[in-house]
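See below for the structure under consideration.
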Amino acid sequence: MSGCLGEDGGRSGAASPFRLMTLDETTSTNDEVKRALEAGEPEGLAVLARRQTGGYGRHGRTWASPEGGMYLSLLLRPCVVPARLPTLSLAVSVAVRRALTSLDGLVHPDKVLIKWPNDLVVPLEAPSPQVGGGCGDRPFEATPRASREGARYTLSAPSLRSTYRKLCGISLEAHAGGICVGIGVNVQSSSLTREVVGENTLISLSERGYTDSIDKVAAAVLQALESVYVLWCTEGFMPFQQEYESCSFLSGRFVGMVDQLGNLMAEGTVSGIDQQGRLVLETSNGAFVPVSSGEAHVR
């Protein structure tokens, strides 16, 4: 697995397996990978830890990391045009979802959905009536409203976070000429706590029927990532766009996009994901607005 960040073209030759290093404890597997990037380590290193003392997710949010979770970070050096890089996180979420839903014993794997851009979540309850298609249930009440095009739906819930439980978090950081991909999966429920108090309620694979080891989860993730990453390097996000949209938690939802300070940037009904990996909102006046960053809240 070799590559070079920010250059044109894809990867040539056969992909070699990830080189897995397993640790009992570390501050963060991301820290291990970033040090390896600084040291010039070639692409393909994977670091798995049983527990972390300083784990973190997107935007530096604290990630409680006791034993019972899969904490895995990857060292990548993709040789692609810079414009393609923002879609890598979405492709990774597709790969991780494929891996988790393939695990033996998992109950209702179709209920594992992707919340843009790359979290994996499980809805708490089915909607009434159901709106939209794809895999899994849509946990919102739908109220029709009049429009020029006919009936539409205003989707509402007390809080977006109150309608799902988080199964997996994914982060990507550009660092020292490469990319550190961090993946945290809640595997066993006995010792897991909230990621951040009041922020995300967690669910584990064991609560969904999985009874095997964390090592097997990691092996499934690495296997799925290998094929997805090769294809993403050569063809971009397009081969995964339809699969992503079919399992998108936000599709058909009326959301407000806010920045890290909570300021509203845009709002509208989520109509899909474009080839650049942006969340596309249809506004009240019928315009389509692509959003490349922010956090979605139901309005």
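Tell me, yes or no, whether segment 241-249 has at least one residue that is open to solvent by less than 10 Å² (accessible area, probe 1.4 Å), at pLDDT 95 or above and part of a helix (DSSP H, G or I).
Within segment 241-249, one or more residues are open to solvent by less than 10 Å² (accessible area, probe 1.4 Å), at pLDDT 95 or above and part of a helix (DSSP H, G or I).
Are any residues in segment 252-273 free of Cβ contacts under 8 Å to residues at least 24 places away in the same chain and open to solvent by less than 30 Å² (accessible area, probe 1.4 Å), and if so, which ones?
The one that is free of Cβ contacts under 8 Å to residues at least 24 places away in the same chain and open to solvent by less than 30 Å² (accessible area, probe 1.4 Å): Gly268.
Looking at (1) among the β-branched types (Val, Ile, Thr); (2) touching a strand residue (DSSP E or B) at 6+ places or on another chain (Cβ under 7 Å); (3) assigned to a helix (DSSP H, G or I), which is the only condition Thr234 fails?
(2)
Considering every residue within segment 207-227, establish whether at least one is open to solvent by less than 10 Å² (accessible area, probe 1.4 Å), closer than 30 Å to Glu282 by Cα and either in a helix (DSSP H, G or I) or hydroxyl-bearing (Ser, Thr, Tyr) (or both).
no
Failed condition for Phe288, given (1) within 19 Å of Gly169 (Cβ to Cβ); (2) at pLDDT 90 or above, with all others met?
Result: Phe288 passes all but (1).
Kindly indicate whether Pro158 is at pLDDT below 50, crowded, with 20+ Cβ neighbours inside 10 Å and more than 30 Å from Arg77 (Cβ to Cβ).
For Pro158, the condition - at pLDDT below 50, crowded, with 20+ Cβ neighbours inside 10 Å and more than 30 Å from Arg77 (Cβ to Cβ) - is not met.
So for segment 92-113 (the condition being basic (Lys, Arg), over 16 Å from the mean Cα position of the chain (by Cα), modelled with pLDDT of 95 or more and open to solvent by 20 Å² or more (accessible area, probe 1.4 Å)), does at least one residue qualify?
Taking every residue of segment 92-113 in turn, none turns out to be basic (Lys, Arg), over 16 Å from the mean Cα position of the chain (by Cα), modelled with pLDDT of 95 or more and open to solvent by 20 Å² or more (accessible area, probe 1.4 Å).
The values are calculated or read from the model by the stated rules, or taken from the named source; none is laboratory data. A quick note: this is a predicted structure, and the numbers were derived from the prediction, not measured. Here Cβ is always computed from backbone atoms with ideal geometry, including for glycine, and neighbour counts include all displayed protein chains. For accessibility, only protein heavy atoms count, side chains too; no ligands or nucleic acids. Shrake-Rupley method; radii C 1.70, N 1.55, O 1.52, S 1.80 Å.
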